[in-house]
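The values are calculated or read from the model by the stated rules, or taken from the named source; none is laboratory data. Given the structure is predicted, the values throughout are model-derived calculations rather than measurements. When we count neighbours, we look across all protein chains shown, and the Cβ atoms used for this are built from the backbone with ideal geometry, even at glycine.
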Amino acid sequence: MNITKDRYWEYKRLDQLSQDEWENLCDGCAQCCQMRVRCDESKQLVMIPITCELLDLQSCRCTKYTDRHRLVPNCVELTPENVTTIKWLPETCAYRLIGEGKPLFEWHPLIAGNRKQMEEQGISVAHRAVSARNVHPDDLSFEVLKWVK
């Protein structure tokens, strides 16, 4: 079965997806792999342009996907049950969209056939973030300020 031609995301709920369908639904933006900090004053959770050290910033894929939860204990595990309750997920997240009964964007790789349109729209963290392995903990506040400006 050709997963793209089937357009399963238009008629299946998240909890009805096979493992392959679930994985393919991800657009690979890697925004969920960005670090998040809570602002002292507003208590708002803010994403910063620093990603998990396991993320390959060129492909926007986890280099240790199978072991990610063991290697990074605070790695977020998206499930059909939690995607609509995680408020910091981007509004473009396919899991969030389908969970909320909304259609995918035309640039989504399942519709467009590749990642080019998504990358042209700046949806992906590629070329917009740095890996945590390249940031010294003392420089973290600088990165937050740089992002907010």
Let me confirm something: among GLU106, GLU53, GLU91, which residue is of a type in the set (Asp, Glu) and under 13 Å from the mean Cα position of the chain (by Cα)? GLU91
When you go through (1) in contact with a helix residue (DSSP H, G or I) (Cβ under 7 Å, 6 or more places away or on another chain); (2) surrounded by 18 or more Cβ atoms within 10 Å (Cβ to Cβ); (3) of a type outside the set (Phe, Trp, Tyr) one by one for GLU21, which number turns out not to apply? (2)
The lone condition GLU53 fails out of (1) at pLDDT 90 or above; (2) closer than 28 Å to ASP15 by Cα is (2)
Restricting to the stretch 1-19, and then to whatever is assigned to a loop (DSSP other than H, G, I, E, B) and of a type in the set (A, V, I, L, M), can you tell me which residue is modelled with the lowest pLDDT? MET1
Return the pairs, sorted by first residue and then second, in which the second residue is assigned to a helix (DSSP H, G or I) and of a type in the set (D, E, K, R), the first residue lies in the stretch 50-74 and is closer than 20 Å to ARG115 by Cα, the beta carbons are less than 7 Å apart, and the residues are 6+ apart or on different chains. CYS62/ARG68
Restricting the stretch 43-75 to residues that are out of contact with any Lys or Arg (no Cβ under 9 Å at 6 or more places or on another chain) and β-branched (Val, Ile, Thr), the residue that is farthest from ASN24 (Cα to Cα): ILE50
Looking only at the stretch 24-59, which residues are in a loop (DSSP other than H, G, I, E, B) and surrounded by 16 or more Cβ atoms within 10 Å (Cβ to Cβ)? CYS26, ASP27, GLY28, CYS29, ALA30, CYS52, LEU54, LEU57
Only helices (runs of 4 or more DSSP H) wholly contained in the stretch 65-140 count here; list those with 3 or more residues that are loosely packed, with under 11 Cβ neighbours inside 10 Å and among the aromatic types (Phe, Trp, Tyr). none
